[in-house]
Amino acid sequence: MTTPDHLLDVEHLTMRFGGLTAIDDVSFGAADRQISAIIGPNGAGKTTLFNCLTGFYKPTVGRLGLRRGSKTLLLERMEGFRIAQQAGVARTFQNIRLFPGMTVLENLLVAQHTALMRASMFSLAGLFRLPVFRAAERAAVDFARFWLDRIGLLDRADWDAGNLPYGDQRRLEIARAMCTRPVLLCLDEPAAGLNPRESADLNELLLYIRNEQKTAVLLIEHDMSVVMGISDRIIVLDYGRKIADGTPSAVRNDPVVIRAYLGEEETDEIPPEIAAEIGVAAKRP
Amino acid sequence: MPTPVGAALRTALKEAAIAAGVALIVALPLVGFRLIDITGGVSIQTRFDWVVYGVAVVFIGRLGLALWRELRIPHARKAGEASSLAIFAEQIAAFTRQYSLYFGIVGAAFAFALPFMPFTDQYILDVAITVLIYVMLGWGLNIVVGLAGLLDLGYVAFYAVGAYSYALLAQNFNLTFWESLPLAGAFAALFGLLLGFPVLRLRGDYLAIVTLGFGEMIRIILLNWQSLTGGPNGVSSIERPSFFGYPFTAVAPEGKTAFHELMGLEFSNSHRVIFLYFLILILALITNAFSVRMRRLPLGRAWEALREDEIACRSLGINPTNTKLSAFALGAMFGGFAGSFFATRQGFISPESFTFIESAVILAIVVLGGMGSQFGVVIAAAFLILVPEFGRDLAQFRMLMFGFAMVAIMVWRPRGLIAHREPSMRLHPVGGPEAAKAGS
Ligand SMILES: Nc1ncnc2c1ncn2[C@@H]1O[C@H](COP(=O)(O)OP(=O)(O)OP(=O)(O)O)[C@@H](O)[C@H]1O
Ligand SMILES: [Mg+2]
């Protein structure tokens, strides 16, 4: 039962760790060429959801269907690296995972491994530097150069990735994921630790990825200025369950969501700092 | 407030007392008591005076060192700066890094000219061949440890597989060295795959222990499979190398021409040694060229990426198992080539040549030289082989010197002699935009 305009369909996903149910019967769909945000309090199961999608965990129950053309790939049956290689799902990590001892450029070249490996004929053509391989290598460097320019790191292409400032590392990780030419980009808290200026840049980058690269984005984020500013759709998780799903304005005023963020007891007055985080007006009309 | 000198003295005294205490604990059982043979049994002799001298030397030595450090560079130390020796080592490393290309060219030119130098005799060439075998093994293991970051403590197993492959192929099937060489490499690579397949999902220490076990297994199999390997007696009278079919003998066997006859030279024993020297030199240079080139290919870059972060690799569509297996198998293949060479050079092999200590020495060469550094491997191999060789008169101290070198490197250059990593590809020329902050 796959909705035609959905790129990704998550159906009845459940993930248990021993006695703990990190994700409990969650179903949702993500449309192609849209930014779908996944929000929820700490420990809600957001990262676990990504780990199921990208093959790091095998879901206990559930079906993860990704539409590629006329076929639907079942991600839960695929090995982790094949999900990136064949299904075209790329991701970033909550704690940045670059290759810190390799240069910025090399990070982006490693991301193009599959294409380059094929062009090098599993290293034979590469060892003798045949023209086929040289052309593919030039194309890969040009593609990397394009993304470096996009994220403003062209001048620092030969730096070790580990020596970059934090915000640049975050953007590099996104560019690296994009270098795998994905159809679905999963970003785990890309705005964490960014200053307001950097998070505005991030918004712009994500919109560019959606509009110009025609890539769908799944976005886990706590920073509501990012979430409310650019998402087409928001899914709210709490204790592993989906508690809301809709447009930003609908979700922002959903009493169930507000309660999940505030705790159980009824409150009329929302403390301003919490109001700021979830993006509601401090005094509701 | 104590004066600076007073404070320094206090620190130094404290350190010296601790060092002396440790020395006492160690020396008392080791030096203080000694078993001596007397007629009808053994008895214990005490040597407490030695213990006292030893502890005194440690105390004074440590006191002197600590005082020197406290008084001479107190500020540098406080600011967390490196000691002057470390700075010196860094300068040397920076120098070699800067001119590494020239070092490479000069080194290779010297290596090719060595057999024709006036001072070169057979002994020097023999030692040089040994050094080159270890350089080649170091470069081979560097693929596995330095690039792919897989700690392999059983590399000698592949060396053994290569050596026995050649010896047995030559003996049972009359294959020549050149026919056996690719087969020996293929066998070693196959063993690499066989070992790698089950164990490569293990990480770090676990992998190290399993490979260590594998190395011992191979040796024990060689020792016990009498019918095939000759057990502890090994394989002897292995076919010596010939110059593409022209043997290095004074009198050629029926129907063949000896090398000196072919060249119109006077027969000399040194021809064979010179030939072996060039053979290993070329094999080693091929190993080097191969790994330098692999580093710039997607597969080599994936090896390094795996060393850096396996999880990130998986998220980018790199198959970690196959990638690691390829590193393991290719590293093993070069071990196999080196093994074949070893067999043809010695003419005799036995399991004794392939003990764990060999693996340890090869690994030490890679680690001391600086993981992933081709040039560092040469320096470390030369050092680790030459020092014991020329220090033969001080044979009892060989292991001590070995240990001292290890400790010294780990203290002053924990990432190896030449720890610098040259990017596999640059976007800007060296010294281009913001190049100053790159690397390091
Ligand atoms: N491998 C695991 N083994 C056991 N429990 C796990 C595992 N991974 C996640 N969990 C548990 O699942 C729950 C959800 O964790 P998850 O990391 O998905 O939360 P999150 O929504 O990403 O939170 P945050 O906003 O803090 O990143 C937590 O209680 C966590 O302890
Ligand atoms: Mg998380």
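The values are calculated or read from the model by the stated rules, or taken from the named source; none is laboratory data. Since we're looking at a predicted model, the values are computed, not measured. Note that we place each Cβ from the backbone using ideal geometry, even for glycine, and neighbour counts take in every protein chain shown. These area figures cover heavy atoms from the full protein model, side chains too; ligands, DNA and RNA do not enter into them. Shrake-Rupley method; radii C 1.70, N 1.55, O 1.52, S 1.80 Å.
If the condition is being within 23 Å of A:Asp223 (Cβ to Cβ), within 14 Å of another protein chain (Cβ to nearest Cβ) and without any contact (Cβ under 8 Å) to a residue 40 or more places away in the chain, then the stretch A:14-52 contributes only A:Asn51.
Of the residues screened, A:Gly65 is not one that is small (Gly, Ala, Ser) and within 16 Å of ligand 2 (Cβ to nearest atom). Applying the set (1) more than 7 Å from chain B (Cβ to nearest Cβ); (2) surrounded by fewer than 20 Cβ atoms within 10 Å (Cβ to Cβ); (3) of a type in the set (S, T, N, Q) to A:Gln112 leaves exactly one unmet item: (2). Each residue in the stretch B:69-91 was checked for being modelled with pLDDT of 70 or more and either polar (S, T, N, Q) or exposed (fewer than 14 other Cβ atoms within 10 Å of the Cβ) (or both), and 4 pass.
Out of all the residues in the stretch B:169-228, which are at positive phi and in a helix (DSSP H, G or I)? Matches in the stretch B:169-228: B:Gly204 only.
Assess whether B:Glu179 counts as being of a type in the set (Asp, Glu) and either surrounded by 18 or more Cβ atoms within 10 Å (Cβ to Cβ) or not assigned by TED's automatic domain parsing to the domain that holds B:Arg345 (or both). So B:Glu179 fails the test.
Within the stretch A:53-71, the set of residues being of a type in the set (Gly, Ala, Ser), touching an Asp or Glu at 6+ places or on another chain (Cβ under 7 Å) and more than 9 Å from chain B (Cβ to nearest Cβ) comprises A:Gly62, A:Gly65. Look at the stretch B:410-424: where a residue is closer than 15 Å to B:Leu101 by Cβ and more than 14 Å from every other protein chain (Cβ to nearest Cβ) and a partner is of a type in the set (Phe, Trp, Tyr) and outside any loop (DSSP other than H, G, I, E, B), sitting 6+ places away or on another chain with Cβ atoms under 9 Å, you get B:Ile418/B:Phe375.
Scanning the stretch A:210-225 for residues that are at pLDDT 90 or above, open to solvent by less than 10 Å² (accessible area, probe 1.4 Å), more than 30 Å from A:Val256 (Cβ to Cβ) and of a type in the set (Ser, Thr, Tyr) turns up at least one hit. Under the condition of being within 14 Å of ligand 2 (Cβ to nearest atom), surrounded by fewer than 18 Cβ atoms within 10 Å (Cβ to Cβ) and within 14 Å of the chain's Cα centre (by Cα), the residues counted in the stretch A:182-209 number 1. Among strands (runs of 3 or more DSSP E) entirely within the stretch A:7-103, having at least 1 residues that are near ligand 1 (Cβ under 10 Å from one of its atoms) singles out A:20-31, A:35-39.
Which residues, taken from the stretch B:155-176, are surrounded by fewer than 24 Cβ atoms within 10 Å (Cβ to Cβ) and over 27 Å from B:Tyr246 (Cα atoms)? Let's see the steps before the verdict.
Start the filter on the stretch B:155-176 by keeping residues that are surrounded by fewer than 24 Cβ atoms within 10 Å (Cβ to Cβ), which leaves B:168-176.
Listed by number, the list is empty, since nothing qualifies.
Residues to consider are A:Leu105, A:Leu127, A:Leu74; find the one that is over 18 Å from the mean Cα position of the chain (by Cα), more than 7 Å from chain B (Cβ to nearest Cβ) and of a type outside the set (Lys, Arg). One residue alone meets the criteria, A:Leu74. Residues in the stretch B:252-279 that are touching a residue at least 60 places away in the same chain (Cβ under 8 Å), among the small types (Gly, Ala, Ser) and in a loop (DSSP other than H, G, I, E, B): 0 in all.
Out of the residues in the stretch A:145-174 that are facing chain B (nearest Cβ under 8 Å) and surrounded by 18 or more Cβ atoms within 10 Å (Cβ to Cβ), state the one that is nearest to the chain's Cα centre (by Cα). Explain how you work it out, then say what you get.
Narrowing the stretch A:145-174 to residues facing chain B (nearest Cβ under 8 Å): A:145, A:148, A:154-160, A:163.
Adding the requirement that they be surrounded by 18 or more Cβ atoms within 10 Å (Cβ to Cβ) leaves A:148, A:154, A:156-160.
Details: A:Leu148: 19, A:Leu154: 23, A:Arg156: 25, A:Ala157: 23, A:Asp158: 26, A:Trp159: 25, A:Asp160: 24 Å.
Only one residue tops the list, namely A:Leu148.
Note on the stretch A:80-100: among residues that are over 21 Å from A:Asp32 (Cα atoms) and more than 8 Å from every other protein chain (Cβ to nearest Cβ), the one that is surrounded by the fewest Cβ atoms within 10 Å (Cβ to Cβ) is A:Asn95. Given the condition modelled with pLDDT of 90 or more, in contact with a helix residue (DSSP H, G or I) (Cβ under 8 Å, 6 or more places away or on another chain) and open to solvent by 70 Å² or more (accessible area, probe 1.4 Å), answer yes or no: does some residue in the stretch A:50-59 qualify? The answer is yes, given that some residue of the stretch A:50-59 is modelled with pLDDT of 90 or more, in contact with a helix residue (DSSP H, G or I) (Cβ under 8 Å, 6 or more places away or on another chain) and open to solvent by 70 Å² or more (accessible area, probe 1.4 Å). When you scan the stretch B:269-286, how many residues do you find that are open to solvent by 50 Å² or more (accessible area, probe 1.4 Å) and at pLDDT 90 or above? Residues flagged as open to solvent by 50 Å² or more (accessible area, probe 1.4 Å) and at pLDDT 90 or above within the stretch B:269-286 amount to 3.
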